[in-house]
1. Quick one: of Lys243/Lys263; Lys357/Lys531; Lys390/Lys531; Lys454/Lys540; Lys253/Lys303; Lys357/Lys390, which pairs are farther than 26 Å apart, Cα to Cα?
2. In the chain, what percentage of the DSSP-assigned beta bridges are antiparallel, given to the nearest 5?
3. Quick check on the chain: what are the equivalent-ellipsoid semi-axes from the Cα gyration tensor, as sqrt(5λ), descending, whole Å?
4. Just in the range 573-605: which trypsin sites (Lys or Arg not before Pro) are loop by DSSP and have at most 14 other Cβ atoms within 10 Å?
5. Over the Cα atoms of the range 457-615, what Rg and Dmax result, in angstrom?
6. So how much slack lies between Gln536 and Glu620, counting 0.36 nm per residue of separation and subtracting their Cα-Cα distance, in nm?
7. Subtracting the Cα-Cα distance from 0.36 nm times the residue separation, let me have the gained length for Ala478 to His242 in nm, one decimal.
8. Which one of Phe470, Pro267, Leu27 has its Cα pushed farthest toward the positive end of the charge dipole of the chain, where Lys and Arg give +1 and Asp and Glu give -1 at the Cβ?
Amino acid sequence: MSANLQTPIDYLKGVGPNRADLLRSELGIQTYQDLINLFPNRYIDRTRYYKINELQRNNAEVQIIGIITGFKEVAQKRGKRLVANFKDESGMMELVWFRGQKWIRENLKVGQPYVIFGKTNWFNGKFSMPHPEIELQKEHENNLRSAMQAIYPSTEKLSNKGVTNKVVSKIMQQLFLETNGRFVETLPNSVISELKLITKSEALFNIHFPKTPELLARAQFRLKFEELFYIQLQLIIKNLIHKSKIKGFAFDKVGDYFNTFYKDHLPFELTNAQKRVLKEIRHDLGSNAQMNRLLQGDVGSGKTIVAFMSILMGLDNGYQCCLMAPTAILSAQHHQGLSELCKTLGISISLLQGSTKTSERKIIHKNLENGSLQILIGTHALLEDKVKFKNLGLAIVDEQHRFGVKQRSKLWHKNELPPNVLVMTATPIPRTLAMSVYGDLDISVIDELPAGRKPIKTVHRYDNNRLKVFKFMKDEIALGRQIYIVYPLIQENETMDYKDLMDGYESVSREFPMPDYQISIVHGKMKPADKEYEMQRFVKGETQIMVATTVIEVGVNVPNASVMIIESAERFGLSQLHQLRGRVGRGAEQSYCILMTSHKLSQDSKTRLETMVRSSDGFEIAEVDLKLRGPGDLMGTQQSGVLNLRIADIVKDKDILEQARYYAKNILKTDPSLASPEHKMILFTYRQMSKFRNIWNYIS
Ligand code: ADP
Ligand code: MG
């Protein structure tokens, strides 16, 4: 009889109701299918036997052959422990049980050769092994064992209740028996032969019971490839469906606003990257599928002008547009910057923030609804239900990682038809991650800075060099430049961090006294109006130094600022450091970034600082960041499911991911509906996946 892989795990011989419950609650294993997809964490060599006198005090897992010479019970604080003396020809050690002692006493025999397996402890001058896996040597040899034994994910509860690795391994064997180890192939022949993959059945067998290290490696490759292939397939299909199903507003024409601006008011020549991205956006907006595009561009690459010109395309077609930014400062800055351009073109534009007065709000609401207000800039305040547009055609979200996915999708629902959406981020996302996290968005990249920018010189200085740094600051100020000094501010450490900030402010004030010098200070505890006032003083050049917490991280634009000093730089993440550095280098002069730290640096901190000094390429920095932190901390990964991968690793298996995406794309290009006989199994697997989530194999 061949079993159906959707059979509940309870039916597998050797499982039974208790173990089934445990497997369900602890590992989420409901069916045969789930069990076979329980991939091992690692493998150990079970052909290697240690002698007791070879044991090291390193707590490693070892396997030893020996005999039990006797048992004793030792009273302890609570209850008692059972101890067996265990010896081989080289020495003695102890086996220890805190639970299940009755069963041990009844079943283990003195004087018989056993194989024990587990972690050893060094205690009171001798080695011991608590709760060893133990079986008679005879049985051990009879059991199907490969040189490499799989170690499965487990939990404390599972091992306490006797569902040890050995038990899991046994029921896995049983599953292969009941299914004859034959599983439906899930990849097309063309892919299998081109990549010289092993079959699904071979891969599953060798992932659980590797015959050789080489077969294990091939099994891992094949299963990782398959996992990533189907994720990519899913994302690409989602994107295709989105494009064909979701109608958006088509911006048919390029009209007067755009053309006038382009011909007469463009403040600079666009970079080639900006032109290319505008074309991509124009293409999306001109079609009647809804645009859903991510625009990546390093700080200072000029995303704002691209956003504005996209807005002009919307206005030319009679639609309203909005631009949402994550902070009051940034949205005010956008508003200020765009207002001037709008004035010359005769376009109405307003700013809506949490702090906007009710009387002003009412006017904005009214003008939005009657359509006389063309552009609305703002913060989260745009998402409030009261904010209703007459015909919102394009929604732009700046610095998107500050917004949750939920918040973004709220903007979608402000209309009957979803507006076209452009999401802009200055945090470059490594390609591989972007593929997995945003695979269902279209991606544009501005990979070129405006001409004439000098690369920012970045150095690392220790705190005891502060006097030299002060001297350098004075020289720069004498040249007419402005300077940022940024302090870390972390919620858990807020009180201490504010103290550091204020101490720093005081010492800078002493070193740079009035009236020769003017200093701004901006931090999160200030009232918005005060913050705004201090910001404006700096923007207008009335102050030379801005002391701030990371509130200035995002978007602030003061081209005359040429020095960024980051205090306690070791406490910042790489992408944050890169963002901060991007605040300078916006003008024509040489700019500098000085990373201040104490001498106490962790290895990771050192890597971060070295990376910053070496590189100014946001994508390179993002790659290092991903390696250091793993994908868990990066934006969007939580929702994307890349953290729930069963076997592949988004960072380590980058190359496999690229291959998987390539094949998925090609297959969908030639056969978008997966209708050809050759692709039948892809369609089938894909449908099963959506039906059962994560279902990939079934029995012939
Ligand atoms: P970001 O991508 O970080 O949002 P901005 O849009 O704020 O960058 O642009 C940074 C600065 O570069 C602004 O002062 C902007 O006016 C200027 N800028 C943008 N594009 C160009 C260009 N093609 N040539 C010269 N300067 C430009
Ligand atoms: Mg910006």
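1. Numbers: Lys243/Lys263 32 Å; Lys357/Lys531 17 Å; Lys390/Lys531 33 Å; Lys454/Lys540 23 Å; Lys253/Lys303 22 Å; Lys357/Lys390 22 Å.
The answer is Lys243/Lys263; Lys390/Lys531.
2. 40 percent
3. 58, 36, 22
4. Working: sites: Arg581, Arg583, Arg586, Lys600; in loops: Arg583, Arg586, Lys600.
Here the sparse-neighbourhood loop sites are Lys600.
5. 14.6, 43
6. Values: separation 84, 0.36 × 84 = 30.24 nm, distance 3.38 nm.
Gain on stretching Gln536 to Glu620: 26.9 nm.
7. Working: separation 236, 0.36 × 236 = 84.96 nm, distance 5.64 nm.
Gain in length upon complete extension: 79.3 nm.
8. Towards the positive end, the residue furthest out is Leu27.
A short reminder: the numbers here are calculations on the coordinates, not readings from a lab. Bear in mind the structure is a predicted one, so any value in this text is a computation, not a measurement. For neighbour counting, all protein chains shown are included, and Cβ atoms are generated from backbone atoms with ideal geometry for every residue, glycine included.
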